Structures are given as C-alpha cells and as structure tokens.
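S.K.: Submitted below is the structure of interest, expressed as structure tokens.
The values are calculated or read from the model by the stated rules, or taken from the named source; none is laboratory data. Source: prediction; values computed, not measured. Reconstructed Cβ throughout: ideal geometry from the backbone, glycine too, with neighbour counts over all protein chains shown. Side chains included, ligands, DNA and RNA excluded: accessible areas come from the protein's heavy atoms. Shrake-Rupley method; radii C 1.70, N 1.55, O 1.52, S 1.80 Å.
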Amino acid sequence: MAGLIELFPPGSAVAADGTLTVAGCRADELAAEFGTPVLVVAEAALRDRAREYRTELAARRPDSRVVFASKAFPCTAVQRVMVEEGLGLDVAGGGEIRTALKAGVDPALIVLHGNAKSVDELTLAVRHGIGLVVVDGPDDVDRLEELVPPGGNQDVLVRVIPGVTADVHAHVMTGHEGAKFGLAPPAAAELIARIERSDRITVRGLHVHVGSQILDTEPFARSVAPIAALGAFEVYDLGGGLGARYSYADRPPAVAEYLDALIGAAREHLPRDAQVIIEPGRSMVASAAVTLYRVTTVKRGAHTFVAVDGGMGDNLEVALFAQRFEAGIANRLGPTERVERAVVVGRHCESGDVLVDGVDLAAPAVGDLLVVPATGAYCFTMANNYNGTRRIPVVFARDGAARLVVRRETWEELSARDVE
Ligand SMILES: Cc1ncc(COP(=O)(O)O)c(C=O)c1O
C-alpha cells in the first residue's frame, strides 16, 4: 500500500492509529456522521486545481477561458466552487443549465453542448442568454432559427470532428472519424456557410473534443490543425479530456505540460488574437475526492472477495470503460505485513460489479472502512438506484471540518415518482 497516499487528495494523511484523514477529517468520523457509502471532497484541493488551470492557461494565452465540464461532477456545490474560482461552466443539456444557474454562474459564461439537444433545452438556453451554444449539426441550427426571436441573436460554435484518435477505451473517444459528436470538416464548412447567412445566429468559432482520460499530450496538439483549416474565427474551444491519476501506473501529464502542447499548437495554427477556451472535467475533479465504503462481507476461496455497501450504484467507471482504481482499508493504512490480495466487489446483482480487480488490502474484515481514491469524476453524476440503492451523499472536507453538500437520497424518494 506504499504509494496509496499519493492517490488521495492533496492534504490527506494517515493518523497515528493508521486511519486516513482527508483535509483534516478522519475517515471513521466521516463515516459515523454521514454513513457509507459517502463521497468526500477535499474542498481546498478542488479550488487549487481550478486555480492551477486558470493561471497556467492565462500565462500561456492571455485571451482565454477555462470552463468546467459540469458533467464530471454536476452538483451545485462543485459548480459553485468553479464559479467562485472564476471559471465558466460547460453544460450538456437542460438539467445542467439549471444546476449551473443555481450555482450562480453568469449565463454569458455557459457553453452548451449536446448531440441531441431538444427544443426545450435550446429554448431554455436562448431564454437565459447562454453565452455559446455548440451546434452539433444542422438540426440545432434549424431549431435555433425557429427559437431566436427576430432582431435577436444567439452566438454559436460549430463542433468539428478532427479525425484524431487517442490511446483510450473506445467508449471515451469522441474525436475520431465516424464519431457521433459534431461534423466532419466538409460538413462543418457547409453548416458554417449556412449559419453565416442567418440573421439570428452568429458563428463565433469552432469546437473540438478528442475524448477523455487521455494520458498523453500529443492527441490534443494534433486536434488543432484540422479545425484551423476551416478558416479564421474569433473563438476556438479546444475541449477537455486530460487524464487523471487513478492507479499507481497512471502518469497523466501535468496541467502545464498539457497546456504547453495544446497552446503550442494553437500558436502554430490559430489566429494570434483568437480566444481559446478549454473544458476540463475529469482532470479537474477526479483526484479531489474519495469514496468511503463499509466492508459488509469477506469471502475467502479461490479469490478473496471483499464486498462493500456500494459499487456500480455509485461508480460506473469500471463497468463503462474498465477504469482501474486502487483501494485501501481506511482504518488500517499504516505499515503492516498482513496483506491479502483481494477483489473488491460491490453489492449489486452483476458479476461486472467490481470496484477493483486485484488489490492488496491490510487484513480486510467485516466492519472495516474501505476507501477508493480518485472518485471525483463521473461517479456522482452516474449514481443510480440499481437494486434499490439510495444515491450517494457528498461531503466537503476542509481544515478538519466536514459539511454535507448533497444529502443521501431517502427511502421515500425511491418510490416518490411512482404514480401507481
Ligand atoms: C464536449 C466536452 N467537453 C469537455 C468534456 C470533459 O472531458 P473530460 O472530463 O475528459 O475532461 C467532455 C466529456 O465528455 C465533453 O464531451
């Protein structure tokens, strides 16, 4: 378990009795107060990362903006932190527009995405004065032309498929030829020409997004030239996608390294005075959080199965794209020789409900607290009610104090939508 501490949010430590502390809060006390499973966010780590992104981007490209990809952790408290740190918000759909507005973002700093935006979502965007709508294809333009009132205007970006692949799971690749998002350059050029004839939609620029959990800077740099070939615009949104560190083997580029490559390519290919937007999600939030679980059963046989009181109800990343996580016994993180190789599984009725397939745990036993680090991205947002589980709460930890920012779902809420 040496090295596990590096995967926890900065500011985490191991107390003298071997118990994990996150932002000064003991794991056992968090579990006692808020129950398990619980998603614990180190607030300072979240803020530091947002500032790092902002200052590193501004240092390389003064006319630039960071918008947080809300989908990675769309709860009001997280979105509000981003707004307080001076970031805009990228939203995908009407639900995220609503939570973003609740978090207090200036609508002009919202970028709306979606490959299947509904009339209702676009109506909401136009009504609230959302800054940029990223049009994914001609249907978005048809709808906006209907919705924007005469004399009105909606600024848009056109999403372009750069034809770039990255060494990631196919399920999180988005910029390859044949992707469902955006348009290939010739179709994008046609759509741009059409919008340029519109009296109520203005093309401000282009958008590109290669994929997610990319652990190499090169695909980002390669995504710029294909969009530059479409002409000169005022704004280029170069997407998100930088990978996070989930396991010992992951070596994601630092934000500075990633931006050196991306902004280097922007300098080479894009107009000097164009504004550059980036949309980090995963790399902004993954490492700022951990999930605490209670060990409910330990079954020893051909494998040692350590089962916890959560699983794919609060972490779909493993099932969706085989993400490797690590784990530890949060109340026994000190040096020990009693280590056992285990498969950490959830409580759900799928053999695929595995949190970590093979990890060394310190003498796991029923009643222990198990911690999985780097669960800040795409876990909360994909939480579900499978097997009647209640969706997970979120707790912010800061300077030894913890506060609940999203409560656990109640039993009553499980059937609250049933009308019969
Ligand atoms: C358009 C767009 N921008 C940004 C992101 C954020 O990507 P990531 O969380 O990998 O940084 C996504 C994620 O899928 C996306 O679709």
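S.K.: Condition check: hydrophobic (A, V, I, L, M, F, W, C), more than 16 Å from the ligand (Cβ to nearest atom), closer than 15 Å to Ser287 by Cα and in contact (Cβ under 8 Å) with a residue 60 or more places away in the chain. Does Val405 satisfy that?
M.R.: No; evaluated as a whole, the condition is false for this residue.
S.K.: Can you pull out every residue in region 169-191 that is among the β-branched types (Val, Ile, Thr) and more than 18 Å from Lys117 (Cβ to Cβ)?
M.R.: Of everything in region 169-191, just one residue is among the β-branched types (Val, Ile, Thr) and more than 18 Å from Lys117 (Cβ to Cβ), namely Val172.
S.K.: Just checking, which of Ala365, Ala342, Ala288 is open to solvent by less than 30 Å² (accessible area, probe 1.4 Å), more than 16 Å from the ligand (Cβ to nearest atom) and in contact with a strand residue (DSSP E or B) (Cβ under 7 Å, 6 or more places away or on another chain)?
M.R.: From the options Ala365, Ala342, Ala288, the qualifying one is Ala342.
S.K.: Right, something else. Would you pick out the residues in region 234-293 that are of a type in the set (Ser, Thr, Tyr) and over 25 Å from Ile161 (Cα atoms)?
M.R.: Selection gives Tyr246, Ser247, Tyr248, Ser287, Thr291, Tyr293.
S.K.: Filter region 191-231 down to residues that are within 28 Å of Ala322 (Cβ to Cβ), among the small types (Gly, Ala, Ser) and surrounded by fewer than 20 Cβ atoms within 10 Å (Cβ to Cβ), then give me how many there are.
M.R.: 0
S.K.: I'd like to know if region 147-169 contains one or more residues that are away from the ligand (no atom under 16 Å from the Cβ), assigned to a loop (DSSP other than H, G, I, E, B), open to solvent by less than 10 Å² (accessible area, probe 1.4 Å) and touching a helix residue (DSSP H, G or I) at 6+ places or on another chain (Cβ under 7 Å).
M.R.: Our first condition is that a residue be away from the ligand (no atom under 16 Å from the Cβ); within region 147-169, this holds for 147-155, 163.
From the residues that got through so far, the ones that are assigned to a loop (DSSP other than H, G, I, E, B) too are 148-153, 163.
If we keep only those that are open to solvent by less than 10 Å² (accessible area, probe 1.4 Å) as well, we get 148.
Retained after the next criterion (residues that are touching a helix residue (DSSP H, G or I) at 6+ places or on another chain (Cβ under 7 Å)): 148.
The answer is yes, given that some residue of region 147-169 is away from the ligand (no atom under 16 Å from the Cβ), assigned to a loop (DSSP other than H, G, I, E, B), open to solvent by less than 10 Å² (accessible area, probe 1.4 Å) and touching a helix residue (DSSP H, G or I) at 6+ places or on another chain (Cβ under 7 Å).
S.K.: Now, a different point. Would you check which residues across region 301-356 are under 20 Å from the mean Cα position of the chain (by Cα) and basic (Lys, Arg) and list them?
M.R.: Arg324
S.K.: Looking at the structure I just gave you, is Thr297 among the hydroxyl-bearing types (Ser, Thr, Tyr) and modelled with pLDDT of 95 or more?
M.R.: Yes; evaluated as a whole, the condition is true for this residue.
S.K.: Taking Ala254 as meeting all but one of (1) open to solvent by 30 Å² or more (accessible area, probe 1.4 Å); (2) in contact (Cβ under 8 Å) with a residue 12 or more places away in the chain; (3) closer than 24 Å to Ala72 by Cα, write down the number of the exception.
M.R.: Tallying (1) open to solvent by 30 Å² or more (accessible area, probe 1.4 Å); (2) in contact (Cβ under 8 Å) with a residue 12 or more places away in the chain; (3) closer than 24 Å to Ala72 by Cα, Ala254 fails exactly one: (2).
S.K.: Which of the residues belonging to region 290-328 are in contact with a Ser or Thr (Cβ under 9 Å, 6 or more places away or on another chain) and β-branched (Val, Ile, Thr)?
M.R.: Val290, Thr291, Val298, Val306, Val308
S.K.: Write out, first by first residue and then by second, each pair whose Cβ atoms fall under 6 Å of each other, whose residues are 6+ apart or on separate chains, and whose first residue, in region 232-250, is within 16 Å of the ligand (Cβ to nearest atom) and open to solvent by less than 10 Å² (accessible area, probe 1.4 Å) while the second is of a type in the set (Ser, Thr, Tyr) and modelled with pLDDT of 95 or more.
M.R.: Qualifying pairs under 6 Å: Leu242/Tyr258; Leu242/Ser283; Ala244/Ser283; Ala244/Ser287.
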